[in-house]
Amino acid sequence: MPLKISKSEMQAGNQKQQQVGHGGAMSVYQIYGTQCGMMVATRAGGYHSSPHKHVAEQLNYVVEGEIWIFVEQEGFQLRAGDFLRVPSMAVHWAWIRASQPCTMVEAFSPAHWITRSGTVGLLVDGQEAPVTEQSRNIAVPIEFASEVERKYFAADS
């Protein structure tokens, strides 16, 4: 496997409903190394994931668009140029309240979702891939998100 790959050489992850969410499609390009992974994700307007947590620490950068990301009891409205850290095992979820899509770069350590279709390992010959699924999503009851969101969007309820 290579140390470098171009997006044009990759296959985007399927446009599909968020597996654990309320709705909205997400298209992803994902890579991983031996200790971390990265994803470029474009979420459609209206995307709303359910609360979850994982072992991986997650760093996010918004390339374009706008998105709300909730971490535990706090909500953060992010716009292009903003960064956000999600600590390991912190409950979090995302919601695009606008109709426009949002594109983010997300880094995970340890690598996250390395077995998802289309994910590419950037490893040299003889280098071991990380243990399969070092970090995967752990679902949290949806009621948790609903309660926190009411603090921010009570007038919308």
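Of Pro130, Pro101, Pro141, which has the largest mean-square fluctuation in a 10 Å C-alpha GNM of the chain?
So, out of Pro130, Pro101, Pro141, the one fluctuating most is Pro141.
Between Val105 and Glu74, what is the FRET efficiency for a Förster distance of 35 Å, r being their Cβ-Cβ separation, to the nearest 0.05? Don't jump to the answer; show the numbers that get you there.
On the way: r = 22 Å, r/R0 = 0.61.
For Val105 and Glu74, the calculated efficiency is 0.95.
Assign one of three labels to the stretch 18-92, namely rounded, prolate or oblate, based on the Cα gyration tensor with a ≥ b ≥ c the square roots of its eigenvalues; rounded applies when a/c is under 1.5, prolate when it is not and a/b is larger than b/c, and oblate otherwise.
Working: a/c = 1.26, a/b = 1.12, b/c = 1.12.
The shape class here is rounded.
Connecting C-alpha atoms closer than 10 Å in a GNM of the chain, tell me which of Ala139, Ala90, Ala12 has the biggest fluctuation.
Ala139
When Lys and Arg each count +1 and Asp and Glu each count -1, what net charge do the other residues less than 13 Å away from Val120, Cβ to Cβ, add up to?
Working: positive: Lys4, Lys7, Arg116; negative: Glu9.
Cβ neighbours under 13 Å give a net charge of +2.
Could you check which residue among Glu66, Glu143, Glu106 shows the biggest mean-square fluctuation in a GNM of the chain with a 10 Å Cα cutoff?
Checking each option, the largest mean-square fluctuation is seen for Glu143.
Out of every Cα pair in the chain, what percent are spaced more than 20 Å from each other?
On the way: 6026 of 12246 pairs.
Above the 20 Å cut-off, the chain has 49 percent of its Cα pairs.
Go ahead and estimate [θ] at 222 nm for the chain from helices alone: -39,500 (n - 2.57) per DSSP H run with n ≥ 4, summed, over the residue count, rounded to 500. Don't skip to the answer; put the middle values down first.
Numbers: 1 runs with 12 residues, N = 157.
About -2500 deg cm²/dmol.
Could you name the aspartates and glutamates whose alpha carbon sits less than 19 Å from that of Lys7, not counting residues in the same chain fewer than 8 places away?
Qualifying aspartates and glutamates at Cα under 19 Å: Glu64, Glu106.
FYI, it's all coordinate maths here, none of it is from the lab. Since we're looking at a predicted model, the values are computed, not measured. A quick note on method: Cβ atoms are made from the backbone with ideal geometry, for glycine too, and the neighbour counts reach across all protein chains shown.
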